[in-house]
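Bear in mind that the values in this text are calculations on the coordinates, not laboratory data. What you see is a predicted model; the values in this text were computed from it and never measured. No Cβ is skipped: glycine too gets one built from the backbone with ideal geometry, and neighbour counts run over all protein chains shown.
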Amino acid sequence: MSARKQIRGLHGLRTIALFGVLLFHMFPQAVPGGFFGVILFFVISGFLTAYSTDREEEIQVLPYYLKRLKRIYPALVIMLFVSVEAVALTDRYRLAKAWQETASILFGYNNYWQITQSADYFANLAANSAFTHLWYIAILIQFELIWPWLSNLTNRYTKKDL
């Protein structure tokens, strides 16, 4: 969004979403609807992605993917490396599972991996994995993978009709 004027209201929405998620994790009984902050983050991410590409007649898929890859993966890879090293130093028993989960995160299918592991996010899985919360990144990656194709398809058929 650097080329365009920032939408100031989004900062407030992000703050509300962040506090909703944080309070839900700290006090789940006191803030039972705090998980709606995650939904708000999804809406903001989708809006910003659409907003940043709305003037493009056709999104060039490979440059789009490379741009998103550069935005998401450097911090993600560093965080995963540090986390896996911490697991290796503190709990070698969980190291094999940590590597499996790391692969699912890097390749964007952690949400499905957690399902196959019968993981229940709301049943204290966080005590078993440092990566439980990264299902969100998996869904974000999946969205980023389909967005240019979906946008190009809708642009192709809607702009002709207008």
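What to note about this one:
- Neighbourhood charge, 15 Å Cβ-Cβ cut-off, centred on N111 and excluding it, Lys, Arg +1 and Asp, Glu -1: -3
- Applying 1/(1 + (r/R0)^6) with R0 = 35 Å to the Cβ-Cβ distance of A86 and R55 gives a FRET efficiency near 0.20.
- Under 19 Å from K70, Cα to Cα: aspartates and glutamates that are on another chain or at least 8 residues apart: E144
- Volume in Å³ per residue [convex hull over Cα atoms, computed for the chain]: 147
- Ordering of 64-71, 98-105 by burial proxy (mean other Cβ atoms within 10 Å per residue, highest first): 98-105, 64-71
- Legend: helices of the chain (whole DSSP H runs) are marked when their alpha-carbon atoms reach 30 angstrom or more along the helix axis and their mean Kyte-Doolittle hydropathy is at least -1.0; marked are 61-90, 135-161.
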